[in-house]
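Working notes, beginning with the structure itself.
The values are calculated or read from the model by the stated rules, or taken from the named source; none is laboratory data. Not measured: the values here are computed from a predicted model. Every residue, glycine as well, gets a Cβ built from its backbone with ideal geometry; the counts of neighbours run over all protein chains shown.
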Amino acid sequence: MKRVLLIEDLPQVAQHLQQMLAREKEAELVGAEKDPDSAMTRITTEKPDVVMIDALLQGKVTGFDLAKRIRSVSPGTRIIIVTVPQRPVDPKPDQGVDAVFVLPGGAIELANALAIPPKGAIRPKGKMIVCYSPKGGSGKTTIAVNLATILRRRGSSVALMDGVMQFGSLRYVLQVPPSTRSIVDLPTGQGMKTSLSEVLWEGPSGIAVLLGPSRPEEADLMAAPDVANAMTMLAQDHDYVVVDAPSRLTDDTLAVLDAADVILLIVTYMQASVANTKAAVDTFEALGYKGTKPILLVVNQSDSMAGMSKGGIEHTLNLPVVAEIPTDWKTVAESLNKQQPFVLSSPNSAVSKAMDSLANSLVTQQRR
């Protein structure tokens, strides 16, 4: 379901578009605004999936100016410019225009602009992002949870998966009821798809959470191909699948990394962390990951540089740093103890803003 915000200052056109959207079963109109400032407030707070903007807005702010402003605060939002045949517009995603709807277009043209696939069409696979660190204590679980939450807050459908089959952490950093089912309750093979929705737990902001086994001995019940199969099936129904991966390079871990579209390597400005990550990168290169999928560095506790630097780590590991997450022991510890993502409990903190920047980078990369 696409959540759509309409920005239109002509009442007749607004009414016409609202009626068209009401007939589109895969679209939900969350509101209609005439004033650009009011529209920006709603976009910032509600993060709609799609914004439709009249190219001919009256006033000082044009539809194209507004599109650029929206892109800067909500990179994941699809922006559609509404125009007429006499004023042709070309889609230019880099300038904030993802699609164009030409009045008086019909239902098919509207669905195409909204990026709603035709009935019976196979849904595009979502992006599978794996958070990995070869060293424990790097904060990968915390980053995975908050990244999934902030992507969901932007309007994307998001699944969060515990890829750690033994001693997984997700059920302890979120307010998960003790009786919640886990991946071991799924049948193997294609039967997994039909039962997946029965096992998923609804987490913060509507994230679909697939938990790991509740007891360590249950880890033996999961074969590595089934773990990767669960990831792929989640990606069929969600825009993003964020996976908290095990640190050891076991068969389970390799299955998760093989399936990943993006690997986020969590590292800190500590020699042991960099050395272990270097060994992991060498292994990834031997496995053929480098050059076939993005491998990106996320530096956690980035204000504790201890004589190191961003450029130095990029040079040593020959990989780009896509985000630096500062230290905030109080905010992070409170969020873990209260079992609530800090991007929700402390959205204005520096650590939350850094997570927002990480989400921006990933969304921008996907758009490209």
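Condition check ((1) polar (S, T, N, Q); (2) in contact with a strand residue (DSSP E or B) (Cβ under 9 Å, 6 or more places away or on another chain); (3) crowded, with 22+ Cβ neighbours inside 10 Å) across all residues:
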{"position": "M1", "(1), (2), (3)": "no, yes, no"}
{"position": "E8", "(1), (2), (3)": "no, yes, yes"}
{"position": "E46", "(1), (2), (3)": "no, yes, no"}
{"position": "M52", "(1), (2), (3)": "no, yes, yes"}
{"position": "V61", "(1), (2), (3)": "no, no, no"}
{"position": "L66", "(1), (2), (3)": "no, yes, yes"}
{"position": "I79", "(1), (2), (3)": "no, yes, yes"}
{"position": "T83", "(1), (2), (3)": "yes, yes, no"}
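Between D65, D9, D49, D37, which is more than 27 Å from the chain's Cα centre (by Cα) and not hydrophobic (A, V, I, L, M, F, W, C)?
On the way: D65 fails: more than 27 Å from the chain's Cα centre (by Cα); D49 fails: more than 27 Å from the chain's Cα centre (by Cα); D37 fails: more than 27 Å from the chain's Cα centre (by Cα).
Just one listed residue meets the conditions, D9.
Each row is one residue, and each column tells you yes or no for (1) modelled with pLDDT of 90 or more; (2) assigned by TED's automatic domain parsing to the domain that holds V30; (3) not hydroxyl-bearing (S, T, Y).
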residue: K135; (1), (2), (3): no, no, yes
residue: G139; (1), (2), (3): yes, no, yes
residue: T142; (1), (2), (3): yes, no, no
residue: R152; (1), (2), (3): no, no, yes
residue: V158; (1), (2), (3): yes, no, yes
residue: L174; (1), (2), (3): yes, no, yes
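Here is a yes/no grid of residues against (1) touching a strand residue (DSSP E or B) at 6+ places or on another chain (Cβ under 9 Å); (2) surrounded by 19 or more Cβ atoms within 10 Å (Cβ to Cβ); (3) not assigned by TED's automatic domain parsing to the domain that holds T141; (4) not β-branched (V, I, T):
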position: K290; (1), (2), (3), (4): no, no, no, yes
position: L319; (1), (2), (3), (4): yes, yes, no, yes
position: T331; (1), (2), (3), (4): no, no, no, no
position: F342; (1), (2), (3), (4): no, yes, no, yes
position: S361; (1), (2), (3), (4): yes, no, no, yes
Given the conditions (1) without any contact (Cβ under 8 Å) to a residue 24 or more places away in the chain; (2) within 24 Å of the chain's Cα centre (by Cα), which single one is not true for G155? (1)
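Could you check the stretch 54-102 and list, in sequence order, the residues that are basic (K, R) and more than 22 Å from P11 (Cα to Cα)? Write out each step before concluding.
Residues of the stretch 54-102 basic (K, R): 60, 68-69, 71, 78, 87, 92.
Within the stretch 54-102, K68, R69, R71, R78, K92 qualify.
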Looking at T250, T316, T292, which one is under 22 Å from the mean Cα position of the chain (by Cα) and more than 30 Å from V73 (Cβ to Cβ)? T292
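Condition check: of a type in the set (A, V, I, L, M, F, W, C), part of a helix (DSSP H, G or I) and buried (at least 16 other Cβ atoms within 10 Å of the Cβ). Does A255 satisfy that? Talk me through it step by step, then tell me what you get.
Working: of a type in the set (A, V, I, L, M, F, W, C): yes; part of a helix (DSSP H, G or I): yes; buried (at least 16 other Cβ atoms within 10 Å of the Cβ): yes.
Taking the combined requirement at face value, the residue satisfies it.
Looking at M192, M231, which is the one that is within 19 Å of S169 (Cα to Cα) and either part of a helix (DSSP H, G or I) or hydroxyl-bearing (S, T, Y) (or both)?
Details: M192 fails: within 19 Å of S169 (Cα to Cα).
Of M192, M231, the one residue that is within 19 Å of S169 (Cα to Cα) and either part of a helix (DSSP H, G or I) or hydroxyl-bearing (S, T, Y) (or both) is M231.
Considering only the stretch 215-257, state which residues are acidic (D, E) and within 28 Å of P117 (Cα to Cα).
The answer is D237, D239.
Applying the selection to the stretch 155-174, what residues are part of a helix (DSSP H, G or I) and not aromatic (F, W, Y)?
First pass over the stretch 155-174, keeping only residues part of a helix (DSSP H, G or I): 170-173.
The answer is L170, R171, V173.
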